[in-house]
Structure formats: structure tokens, C-alpha cells
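The values are calculated or read from the model by the stated rules, or taken from the named source; none is laboratory data. Computed from a predicted model, the values in this text were never measured in an experiment. Positions of Cβ are backbone-derived with ideal geometry, glycine not excepted, and every protein chain shown enters the neighbour counts.
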Amino acid sequence: MNRQHQAPWECIYRKEEKSDCKPGKRPKSDQKYFEILCLCLLQAGLNWGSIRKHWKKYKEGFYRFDIYRLSRMRANVLLKGPHVIKNNRKVEAVIHNAKEFQKIRREFGSFFHFLKTLNPLRREELFKLLLKRFIHIGAYTVKYYLHSVGYWK
């Protein structure tokens, strides 16, 4: 299987093996970049099949991953919703990361322009920068995210 994928769960990229999976398609909006980041964050450590199966409900519970709205939410309010993963740390991370997306958009105009500024960085520097800005993600999640949004070859 050597094709570009539409969503991270279509990816066959594995840290344990060399994969022929081509990078995902570059999202057309900051909203989609953010949704894919949230997907990578929410499925980390959980059953990906279950996340995929319930993704439409999670999108509803997280207000379709509206960056502006989530950046102004409180975790205890979101956790009361019926279609939200009941993991306080992951919900707090979604909110924090929405705030970071807002900052990035103010600094760079868009998330895509932010990523373009990262091109000259070495892999380790890139990981450190993203791990510093976004919470509740690890090095593998960063690598998987960048691959999913077409940044990582």
C-alpha cells in the first residue's frame, strides 16, 4: 500500500517498521490542521479503531474542533458533554493546544505559514519546538502528526 491518505487512521506508518505509506494530504485550513492534531492527541494510547468508530460524535462533543470556541472553554464544562473522551488531561490538552493555535495564527498568519518557517530546522529541533508549544503529545505523536498533514516525508 503506497498511497496518500485522507485521515491519520488510514495511515500504515509504524514506528516499529519502515513504511511505504506516503504522507497525508496537506490540510486546506487551520481548522483541519487543528482537528488532525486533536485526533493524534486523542487516539494516543487508546484503541484507534474505537476513536475512528466514534469520531463523528467526538467532533460534535468538541464543537467540530472550533479553535476559537475551544480556546475559551474550560475542561470541566467540556467533560460534562456526552460525546467527549472522559480524560481530563486530554481535554485540557485540546483546550491548551487551541490557545496555542490562536497564538500561532497571530504570530504567523496561519498554521501552514508557521510550518513553512520550520523547514530549515533539524528533526530534533523541530520536535523540541512542537513539544514545547503543544501539550500531551510525545515525539512519536509529533512525527505521526507531521506525516499525517503532509509535512513529514
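Number of residues in the stretch 76-95 that are surrounded by fewer than 17 Cβ atoms within 10 Å (Cβ to Cβ), part of a helix (DSSP H, G or I) and out of contact with any Lys or Arg (no Cβ under 7 Å at 6 or more places or on another chain) equals 4.
Among the residues making up the stretch 96-116, a single one is touching a helix residue (DSSP H, G or I) at 6+ places or on another chain (Cβ under 8 Å) and exposed (fewer than 12 other Cβ atoms within 10 Å of the Cβ): GLU107. State which residue is farthest from TYR140 (Cα to Cα) when the search covers only the stretch 42-75 and only residues that are surrounded by fewer than 20 Cβ atoms within 10 Å (Cβ to Cβ) and hydrophobic (A, V, I, L, M, F, W, C). For the stretch 42-75, the residue satisfying everything is MET73. Close contacts from the stretch 118-146, counting a first residue that is farther than 21 Å from PRO27 by Cβ and without any contact (Cβ under 8 Å) to a residue 40 or more places away in the chain and a second that is of a type in the set (A, V, I, L, M) and surrounded by 13 or more Cβ atoms within 10 Å (Cβ to Cβ), with Cβ to Cβ under 8 Å and a gap of 6+ residues or different chains, come to ALA139/LEU131. I need the full set of residues from the stretch 104-132 which are assigned to a helix (DSSP H, G or I) and of a type in the set (A, V, I, L, M), in order please. Within the stretch 104-132, ILE104, LEU115, LEU118, LEU126, LEU129, LEU130, LEU131 qualify.
Results for (1) modelled with pLDDT of 95 or more; (2) under 22 Å from LYS32 (Cβ atoms), shown as yes or no for each residue.
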{"site": "ALA93", "(1), (2)": "yes, yes"}
{"site": "GLN102", "(1), (2)": "yes, yes"}
{"site": "LEU115", "(1), (2)": "no, yes"}
{"site": "LEU130", "(1), (2)": "no, yes"}
{"site": "ALA139", "(1), (2)": "no, no"}
